Each structure stands twice: as structure tokens, then as C-alpha cells.
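The values are calculated or read from the model by the stated rules, or taken from the named source; none is laboratory data. The structure presented is a predicted model; accordingly, all values stated were derived computationally and were not measured. Counting neighbours? That spans all protein chains shown, and the Cβs are built from the backbone with ideal geometry, glycine included.
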Amino acid sequence: MLWRGNFRNARQLLDALKRRLDRCLMKTGSDPADTFRRYRQTRAHRASVLGKVLIELEPDFVIDLPHAPDVRRACRQAFGHSAERGVISLQELLGVIGAYEWRRHGVEVPELGIRIHPHYGVFSPTRSEYVALAVEAPLPDTATAFDIGTGTGVLAALLARRGARRVVATDIEERAVACARDNVRRLGLADRVEIIQADMFPAGRADLVICNPPWLPATPTSPLEAGVYDRGGRMLTTFVHRLPDHLTDNGEAWLLLSDLAEQLGLRTRAELTDMFIRAGLIVRGRLDTHPRQRRARSGSDPLDSFRIAETISLWRLGRPSTPG
């Protein structure tokens, strides 16, 4: 549906669609994994329906509708410049506007006393329990640290502020690389933190390697979802299997991971620890925490009970000690 009327009415229509879709409550499945699959199907259907309300954009992202906001700066940040007319789903446009405001004002990371400014399409560190674990973990003597899949750069900044003398952070996505560079520059850490575009590891070895991969082995449907869903568990598996080749002899890795996949029957704890063993790694220790918001939110989300029971862990991994 290409909307040509009052912009405010378009937003009201979208809100009405959301309420109607959210009233169609999903039934739980026969087991946790089936419930999760049904949840993903329901969310995909919801996104598809909401994405069918379209808004026309004039050149330079001007909306020629009554009561339309000025979205030019927000769209330029997200998409670059445009001299052509086009259309965009209203749902995506609202996401662009929201991302623009987050980037302007930043997201507070209380554990570090800083604000991180996420860019459009880059997963925001709104859940900072994993950051608290990385603040709490004992830091080994670290001449060089790697941050794999850096996203906004929050963990790279954390390592530098905790005393790592050189941090190399990688991400496969160009948007994330630009975002992380922006954040380390804002924090005055660009002399110690290097951000590069790479699929997983940079060249060389590090005394400390940190990684916060997507927590659920499922297929993402958007760049933003790639911060939550890891297709086939690829990133986690690749990180663990390639890690020994990038650790110094006494180096340590911090793997930040939720057990939500285990709660949902998508992966077992034995499969995770067997993955460590097959890679030739040992577990030196583990720190655990729980989500700060542990109460069910509305009763309409079939995954609430699993989220309430969630544990987030920092796994301290290393190579076995060499005799002599």
C-alpha cells in the first residue's frame, strides 16, 4: 500500500496493524525448540505485513505529505545521499528515525561511565549484563587484545580502558566498522584501538581475545537481527575452532554467551563444551550473571519464561599448559 495521505494517519494505521497482529497470540509448540520456531515464523509474518505500508520519498529524502517530519538528516546517515525518488516502508523509516536519535544522544553504558553511539543497522548494547561480566573478569597482562565482531566497539573500548595496551577490533560489516571507529574516536581511544573490516580474526596472536557472538543459532532476516541470530551457529563455531591459532602461549579468551539457546533446546551444554575440547581448549573459569529484568513483561510473549531463567556467562578459555 503506497500511502499518499496525511503522514500522521499513516502512523495511526501502522499502530492499528501492530495492535491487531499482537492480539493474534501465538500458541506454544510441542517443545521449547518448536515454540521458538513458531515464534520466529510469527515475527516474520508480522514484519512482512507491517512492511507493506509504503511512503514515497522525493529526491534528497523529502516526504511530500501533510504533517510529515523532516527525515533528511536521518536518511542521509542511514543511506548516504540520494538524488532520485523512491519508496520506503513506513516501518523501516521509523527505524531510521529512531536510529538517528540513538546516534545523536548515545546509549549509556553505566558499567563504563560512557555513552556509545550506535549507527543505523548496528546492534546497540542496550543489554549491558555482558559488559558487567567483562568489567569483573580478572584481566591478564595484555600487550595485545582482539575484539572479534566488535559491533559498536563497546568491548574494544572496555579493554582499552581496563589497560590493554593495543586492541585490534574486527567486524565483517562496513556499517559496524564505521560505527566502532566513530565511538573509539569520541572516547579518545583511537591511538590504542584499531578497527578493521575482517571476517573474524585479524592476523597474528593476542594475549586476550574477546567475543560476544549472536546468542541464538537461527537465520537473521535483517542486518540488525544478525546481532542476535547466528545462522547455523557459524560465528560461534568458527570463533572456537580458530581461536587456538590466535592466542599467545599463555593467552586467554573471553567468550560472552547466553544459555538461552540451551533453554530453548537449540543447543546443549554438552555440545558447547565438546566444541571447546575438540578445538584443544580448556575452561579456566566462568563468570555468570542474570538479566536485570527477570519478570515476564506482558504474558503475550511465549519466550518470556525462558528469558526469565536465562544465564549469561563469560567463559575463560585457554590452551592447556605445556609441561616443563
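So the values come out like this:
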item	result
Complete set of residues in region 159-186 that are surrounded by fewer than 24 Cβ atoms within 10 Å (Cβ to Cβ) and either farther than 26 Å from Q77 by Cα or hydroxyl-bearing (S, T, Y) (or both)	R161, R162, G163, R165, R166, T170
Per-region count, region 163-188, residues among the basic types (K, R) and in a loop (DSSP other than H, G, I, E, B)	2
Residue selected from region 205-255 under the condition of a type in the set (V, I, T) and within 27 Å of A99 (Cα to Cα), by the criterion surrounded by the most Cβ atoms within 10 Å (Cβ to Cβ)	I210
Residue count for region 8-17, restricted to those that are touching a helix residue (DSSP H, G or I) at 6+ places or on another chain (Cβ under 9 Å) and either of a type outside the set (K, R) or farther than 15 Å from S89 by Cα (or both)	4
Flag for A178 being in contact (Cβ under 8 Å) with a residue 40 or more places away in the chain and aliphatic (A, V, I, L, M)	yes
Condition check for E84: without any contact (Cβ under 8 Å) to a residue 12 or more places away in the chain and not in a helix (DSSP H, G or I)	no
Long-range neighbours under 9 Å by Cβ, at least six apart or interchain, first residue at positive phi within region 218-236, second in a helix (DSSP H, G or I) and of a type in the set (G, A, S)	G233/A261
Residue satisfying condition, being over 15 Å from the mean Cα position of the chain (by Cα), among the hydrophobic types (A, V, I, L, M, F, W, C), modelled with pLDDT under 95 and farther than 23 Å from T152 by Cα, within set A261, A270	A261
Total residues in region 180-203, condition in contact with a helix residue (DSSP H, G or I) (Cβ under 7 Å, 6 or more places away or on another chain) and either at positive phi or among the small types (G, A, S) (or both)	3
Options L65, L57; residue that is more than 22 Å from P223 (Cα to Cα) and in a strand (DSSP E or B)	L57
Residue match in region 105-112 (condition: buried (at least 22 other Cβ atoms within 10 Å of the Cβ), closer than 19 Å to G227 by Cβ, under 18 Å from the mean Cα position of the chain (by Cα) and not assigned by TED's automatic domain parsing to the domain that holds R46)	no
Close pairs (8 angstrom Cβ cut-off, 6 or more residues apart or separate chains): more than 19 Å from I114 (Cα to Cα) and assigned by TED's automatic domain parsing to the domain that holds P213 in region 146-171, crowded, with 24+ Cβ neighbours inside 10 Å and of a type in the set (D, E) anywhere	G149/D171; V168/D147; T170/D147
Residues being free of Cβ contacts under 8 Å to residues at least 40 places away in the same chain, surrounded by 15 or more Cβ atoms within 10 Å (Cβ to Cβ) and not in a helix (DSSP H, G or I) - total across region 17-28	0
Residues satisfying the stated conditions in region 252-281, i.e. touching a helix residue (DSSP H, G or I) at 6+ places or on another chain (Cβ under 9 Å) and small (G, A, S)	A253, S258, A261, G265, A279, G280
Within region 64-77, tally of residues that are within 17 Å of A99 (Cβ to Cβ), in contact (Cβ under 8 Å) with a residue 12 or more places away in the chain and of a type outside the set (G, A, S)	7
Test: residue in region 308-324 that is out of contact with any helix residue (DSSP H, G or I) (no Cβ under 8 Å at 6 or more places or on another chain), small (G, A, S), in contact (Cβ under 8 Å) with a residue 12 or more places away in the chain and surrounded by 18 or more Cβ atoms within 10 Å (Cβ to Cβ)	yes
Near pairs, Cβ below 6 angstrom, 6+ apart or cross-chain, from region 33-53 (closer than 23 Å to S305 by Cβ) to any residue that is assigned to a helix (DSSP H, G or I)	R46/L21
